[in-house]
Amino acid sequence: MAIRMDGKAMAEKLRGQIREEAAALPRRPVLAVVLVGEDPASQVYVRNKEKDCVECGIQSQGYRLPAETTEQQLLDLIGTLNESAQVDGILVQLPLPKHISEKKIIHAIRPDKDVDAFHPFNVGKIVTGEDGFLPCTPAGIMELLKEYRIDIAGKECVVVGRSNIVGKPMALLLLREHGTVTICHSKTADLRAETLRADILVSAVGKRGTITGDMVKEGAVVIDVAMNRDEQGKLCGDCLYDEAAAKASYITPVPGGVGPMTRLILMKNTLRAARAHLEK
Ligand code: NAP
């Protein structure tokens, strides 16, 4: 039976470190958190991020804007936050209402305040392997792998999902650590054939049952990124957990695996942004 990778416990441990480092700075790091509209899931995410800020000694500045906010109004707010010497990081909660271009908004955030690492400048740095902000979910997964002393060099790494937020940067970070990386997506001809080769399998699809036990190689490390709801409304991942855990050596649970680490990296990135601004 697989060892359960406890992202919740690890995030709690690291949160204490961030709190100490933040307290040692001449002023508290500041994260601007922007939410447009009333999407219930986004409201929960934003509340959690603000709670994390409190626990890490980071000051959060909340901006709750109505769903009718125009693209220009949001761009104006980002312009103000970009210029403010008081703001270290800017987080715009996605998805945005349909009439606002996410691409335009992401491009408007100054790269040195882009704590989500979605701006093409920061994405480019991930591609070339330069030091910079790392995207929260993939970076959280890399920290989990490190904590559990899982070697990546030379391993077959299969990432299921190719979103800009999870799949693609995940593949790049695994490649950076010398994994042999395959990216799968909805057009992959034979998903099972690909996943069965994986020493490290990362699933970020968003459909429960995408990964069944017969798709997991004996002894594989299984990282389940997804956050789905089952028929009872209970939070679950892409993997059928019990089946996958019976084959895997390590596995992340949902909840309590990748999610808490994602939240922690946002705090880490904000601390990093504050340090850089204070050194200027
Ligand atoms: P997304 O943008 O919807 O991407 C899903 C990916 O899965 C796409 O690349 C899609 O392929 C691929 N896919 C869909 N059906 C497939 C299939 N049958 N076989 C193989 N690939 C398939 O989602 P996302 O933003 O990356 O998020 C993925 C999941 O992770 C969601 O459940 C989300 O809630 C969760 N998530 C969790 C965290 C966390 O902190 N735990 C953070 C972010 C996201 P195509 O590109 O071909 O369409």
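Would you compute, from DSSP H runs of 4+ residues alone, the mean residue ellipticity of the chain at 222 nm, taking -39500 (n - 2.57) per run and dividing by the full residue count, rounded to the nearest 500? Display every interim value, and only then the final one.
Details: 10 runs with 119 residues, N = 280.
Mean residue ellipticity at 222 nm (helix-derived): -13000 deg cm²/dmol.
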Task: Accessible-area composition of the stretch 128-194, carbon plus sulfur, in percent [1.4 Å probe] - done: 49
Task: In range of the label at residue 229: residues from the stretch 39-57 whose backbone nitrogen is under 20 Å from the point 7 Å along Cα→Cβ - done: 39-49
Open item on the list: Need one number: convex hull volume per residue for the chain, Cα atoms only, in Å³.
Closed with: 130
Task: Net charge contributed by nearby residues that have their C-beta within less than 14 Å of residue 69 (K/R +1, D/E -1) - done: -3
TODO: Treat every Asp and Glu Cβ in the stretch 124-190 as -1 and every Lys and Arg Cβ as +1, leave all other atoms uncharged, and give the resulting dipole magnitude about the Cα centre to the nearest 20 debye.
DONE: 200
Task: Global form of the stretch 216-280, assessed from the alpha-carbon gyration tensor, a/c cut-off 1.5 - done: oblate
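Which shape class, rounded, prolate or oblate, goes with the stretch 1-141 when its Cα gyration tensor gives a ≥ b ≥ c as root eigenvalues, a/c under 1.5 marks rounded, and past that a/b bigger than b/c marks prolate? Please report the intermediate quantities before stating the final value.
On the way: a/c = 1.43, a/b = 1.41, b/c = 1.02.
It comes out rounded by the Cα gyration axes.
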Task: Within a Gaussian network of the chain (alpha carbon springs, distance under 10 Å), most fluctuating of 110, 47, 162 - done: 47
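Treating only the Cβ atoms of Lys and Arg (+1) and Asp and Glu (-1) as charged, compute the dipole magnitude of the chain about its Cα centre; round to the nearest 20 debye.
Details: 37 positive and 37 negative charges, 43 e Å.
Here the chain has a charge dipole of around 200 debye.
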Open item on the list: With an 8 Å Cα cut-off and a minimum separation of 6 or more residues, compute the relative contact order for the stretch 95-242 in percent.
Closed with: 16
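Could you work out the relative contact order of the chain? I mean the mean sequence separation of Cα pairs under 8 Å and 6+ apart, divided by the number of residues, in percent. List each step's numbers first, then the result.
Details: 550 pairs, mean separation 62.0, N = 280.
Here the relative contact order equals 22 percent.
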TODO: Pick out, from 26, 66, 46, the residue whose Cα sits farthest towards the positive end of the charge dipole of the stretch 18-68, with +1 on the Cβ of Lys and Arg and -1 on the Cβ of Asp and Glu.
DONE: 26
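Leaving out ligands and nucleic acids, note down the accessible area per residue over the stretch 20-106 with a 1.4 angstrom probe, in whole Å². Don't skip to the answer; put the middle values down first.
Values: 4460 Å² over 87 residues.
For the stretch 20-106, the solvent-accessible area averages 51 Å² per residue.
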TODO: Kindly express, to the nearest 10 degrees and within the range 0 to 90, the angle between helix 167-176's C-alpha long axis and the longest C-alpha principal axis of the chain.
DONE: 80
Open item on the list: Once the convex hull of the alpha carbons of the stretch 58-164 is built, what does its volume come to per residue, in cubic angstrom?
Closed with: 138
Open item on the list: Using C-alpha positions alone, give me the convex hull volume of the stretch 1-69 per residue in cubic angstrom.
Closed with: 91
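In debye, nearest 20: dipole of the stretch 127-255 around its Cα centre with unit charges on the Cβ of K, R (+) and D, E (-)? Provide the component values of the computation, followed by the final result.
Details: 15 positive and 18 negative charges, 57 e Å.
The dipole magnitude comes to about 280 debye.
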TODO: Assign one of three labels to the stretch 141-259, namely rounded, prolate or oblate, based on the Cα gyration tensor with a ≥ b ≥ c the square roots of its eigenvalues; rounded applies when a/c is under 1.5, prolate when it is not and a/b is larger than b/c, and oblate otherwise.
DONE: rounded
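The values are calculated or read from the model by the stated rules, or taken from the named source; none is laboratory data. Predicted model only: the values in this text are computed from it and were never measured. Positions of Cβ are generated from backbone atoms using ideal geometry, with glycine treated the same way; all protein chains shown enter the neighbour counts. All accessible areas refer to the heavy atoms of the entire protein, side chains included, with ligands and DNA or RNA removed. Shrake-Rupley method; radii C 1.70, N 1.55, O 1.52, S 1.80 Å.
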